[in-house]
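The values are calculated or read from the model by the stated rules, or taken from the named source; none is laboratory data. Note that this is a predicted model, so its numbers are computed, not measured. In this analysis, Cβ positions are derived from the backbone assuming ideal geometry, glycine residues included, and neighbour counts consider all displayed protein chains. Protein only, heavy atoms only, side chains kept; ligands, DNA and RNA dropped before computing areas. Shrake-Rupley method; radii C 1.70, N 1.55, O 1.52, S 1.80 Å.
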Amino acid sequence: MFIQINEEKIEFTKIEIIVLEQGITDLYESFDKKTLGELTKQKKYEHLKDFVNEQKHLKDMPAGAAIKALKKDGNHFYRQFLNNYGDLIYSRFVVSGDENLLKQRGVYTIIANNELKFCGVCARTFKERFNQHIGNIYAKGCYRDGTSTHCHVNAKITQLLPASDVHFAIYPMENEKAMNKLKNSIVKRFEPEWNLRSNREVFELTSSL
């Protein structure tokens, strides 16, 4: 796959997705390292302390179980403990491709039915980002202090699988400044749907608090 930025034509290498599991829901529920009360001692949850203190029957429960109980009771406030994409349907997958390239870092794109949906950078290796993070969402990642981008991208890929042709395409680079410059150029020119959606929702969430 080639992407042209100004006069430069950049070749990205296709990386296939191998799906291991689909239909993963309520992933946040398995987080049990802290109680709901302990969670509010962290900076990102301090503003939820008064609410938790009112929930005496939930305060000392494992955070995941308590939040699931709120959801089950129809209390939509449970979402305040999660990131924007923390209660979606996920899948678990790994990637297959040139191992030498996957051990490098650089800029990656996600292509669905020949349409560029997302562009990001890997400061570490592509394989680590795809297999251990985007392709394997962990419970704590669904929370406010988790990685919302990984949840977002995984959920979007899950929506398209298995009916659509979805894959990654990578371009190895070493310099992080150059990576971000290329990523920003691609986003500016092609306006990938998932990048723009993510940025807008984060802005709306910040503005409403």
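Among the numbered conditions (1) open to solvent by 10 Å² or more (accessible area, probe 1.4 Å); (2) assigned to a strand (DSSP E or B); (3) more than 30 Å from Leu39 (Cβ to Cβ), the only one that Val187 does not meet is (2). What number goes with the only condition from (1) more than 30 Å from Glu46 (Cα to Cα); (2) surrounded by fewer than 21 Cβ atoms within 10 Å (Cβ to Cβ); (3) touching a Ser or Thr at 6+ places or on another chain (Cβ under 7 Å) that Leu116 does not pass? The single condition Leu116 does not satisfy is (2).
When you scan region 165-173, do you find a residue that is surrounded by fewer than 21 Cβ atoms within 10 Å (Cβ to Cβ), acidic (Asp, Glu) and modelled with pLDDT of 95 or more, even just one? No, every residue in region 165-173 fails to be surrounded by fewer than 21 Cβ atoms within 10 Å (Cβ to Cβ), acidic (Asp, Glu) and modelled with pLDDT of 95 or more.
Residues of region 68-95 that are over 20 Å from the mean Cα position of the chain (by Cα) and at negative phi: Lys68, Ala69, Leu70, Lys71, Lys72, Asp73, Asn75, His76, Phe77. Of the listed requirements (1) out of contact with any strand residue (DSSP E or B) (no Cβ under 8 Å at 6 or more places or on another chain); (2) at pLDDT 95 or above; (3) surrounded by fewer than 19 Cβ atoms within 10 Å (Cβ to Cβ); (4) not small (Gly, Ala, Ser), Ile134 misses just one: (3). Within region 22-45, identify whether any single residue is under 21 Å from Ala155 (Cβ atoms), among the acidic types (Asp, Glu) and modelled with pLDDT of 95 or more, and answer yes or no. So far as region 22-45 goes, yes, one or more of its residues are under 21 Å from Ala155 (Cβ atoms), among the acidic types (Asp, Glu) and modelled with pLDDT of 95 or more. When Thr158 is tested against (1) outside any loop (DSSP other than H, G, I, E, B); (2) touching a helix residue (DSSP H, G or I) at 6+ places or on another chain (Cβ under 7 Å); (3) hydroxyl-bearing (Ser, Thr, Tyr), just one condition goes unmet, and that condition is (2). Note on region 2-17: residues that are open to solvent by 80 Å² or more (accessible area, probe 1.4 Å) and of a type in the set (A, V, I, L, M, F, W, C) amount to 1.
Any idea which residue in region 36-59 is most open to solvent (accessible area, probe 1.4 Å), counting only those that are touching a strand residue (DSSP E or B) at 6+ places or on another chain (Cβ under 9 Å) and within 16 Å of Arg144 (Cβ to Cβ)? Looking at residues that are touching a strand residue (DSSP E or B) at 6+ places or on another chain (Cβ under 9 Å) and within 16 Å of Arg144 (Cβ to Cβ), I get Lys44. Among the residues examined, Lys177 does not qualify as assigned to a helix (DSSP H, G or I) and touching a residue at least 24 places away in the same chain (Cβ under 8 Å).
Scanning region 67-98 for residues that are hydroxyl-bearing (Ser, Thr, Tyr), crowded, with 17+ Cβ neighbours inside 10 Å and touching a strand residue (DSSP E or B) at 6+ places or on another chain (Cβ under 8 Å) turns up Tyr90, Ser91.
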